[in-house]
1. Quick one, what does Rg over Rh come out to for the chain if you take C-alpha atoms and the Kirkwood Rh?
2. Please give the helix 11-23 orientation as an angle from the longest Cα principal axis of the chain, in degrees from 0 to 90, rounded to the nearest 10.
3. Quick check for you: with a 1.4 Å probe and neighbouring chains kept, what is the accessible area per residue of the range 1-44, in Å²?
4. With the Cα gyration tensor of the range 137-231 giving a ≥ b ≥ c as the square roots of its eigenvalues, does the rule (a/c under 1.5 for rounded; else a/b larger than b/c for prolate; else oblate) give rounded, prolate or oblate?
5. Rounded to a whole number, what % of the accessible area of the chain do carbon and sulfur atoms account for, probe 1.4 Å?
6. Are there GluC sites (Glu not before Pro) in the range 143-231 that DSSP marks as loop and that have at most 14 other Cβ atoms within 10 Å, and which are they?
7. Name the most mobile residue of V166, V67, V215, meaning the one with the largest mean-square fluctuation, in a Gaussian network model of the chain with Cα contacts below 10 Å.
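The values are calculated or read from the model by the stated rules, or taken from the named source; none is laboratory data. What you see is a predicted model, and the numbers here were worked out from it, not measured in a lab. Here the Cβ positions follow ideal geometry from the backbone for every residue, glycine too, while neighbour counts run over all protein chains shown. The protein model used for the area step is the full one, side chains on, heavy atoms only, and it has no ligands, DNA or RNA in it. Shrake-Rupley method; radii C 1.70, N 1.55, O 1.52, S 1.80 Å.
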Amino acid sequence: MSRILVVEDEERISAFVAKGLRAAGFEPHIARTGTEAIVALANAHFDLVILDLGLPQMDGFEVLQKVRSTGNAVPVIILTARSSVEDTVQGLSSGAQDYMAKPFRVEELVARVRLRLRPDPQAPSGPEEVTELEHAGLRLDLPSRQASVDGRAVELSAREFTLAEVLLEHPRQVLSRDQLLDMVWESSSETSSNVVDVYIRYLRAKLGAERIVTVRGAGYRLATAEELARR
């Protein structure tokens, strides 16, 4: 069972997040201050940290910098009321893997957690971190959460980006609706596969309908460069 450290000073929010994580099969632990978080990380193993920026005494940026200065590479998802581009860039450049703005849905947070914990079987060995995914002209920049198609910037919602990321992680594989629900939503309240179809339509409208192929009775996959050239 993966251990998740939730660093959040607001008791209502930390309890809400911990409840969602526990329901999804994780083992959450709560730290109320940056100091508590640093001590916890120094004395126990955690698989991921959910870190609020607006902490008393020591803000989340400082906590993140101190943790990284010790060589601890634990994945970090920043959770904050701040949503400016500058804060996003600062958080990601300081060593965070993801960024979510409040208010948020716990289902999406759980999906982000699973995405950051899931090993990539196709990733090359070695310490180099994957920061970009590209397939047939569709490109995702993971640190900045930006998407482009043939060099043209495309604005995606957080859920759309996560769905595109999963498809790009398996560019030649047909993914069933159930697989996509498990990888992207992780939600007990969104069990219908219809939600997958809805978000596939959203992605097609933004990326190009021809880029996502429906495999009848099986699911969805990305079109190859050769298929796109024939259209």
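1. Numbers: Rg = 18.3 Å, Rh = 18.7 Å.
Over the Cα atoms of the chain, Rg/Rh equals 0.98.
2. With both axes taken from Cα atoms, the answer is about 50 degrees.
3. Working: 2270 Å² over 44 residues.
So the range 1-44 comes to 52 Å² accessible per residue, rounded to a whole number.
4. Details: a/c = 1.89, a/b = 1.23, b/c = 1.54.
Oblate.
5. Ligands and nucleic acids excluded, carbon and sulfur give 49 percent.
6. Working: sites: E155, E160, E165, E169, E186, E190, E210, E226, E227; in loops: E155, E186, E190.
Listed in order of number, the matching sites are E155.
7. Judging by the Gaussian network model, the answer is V215.
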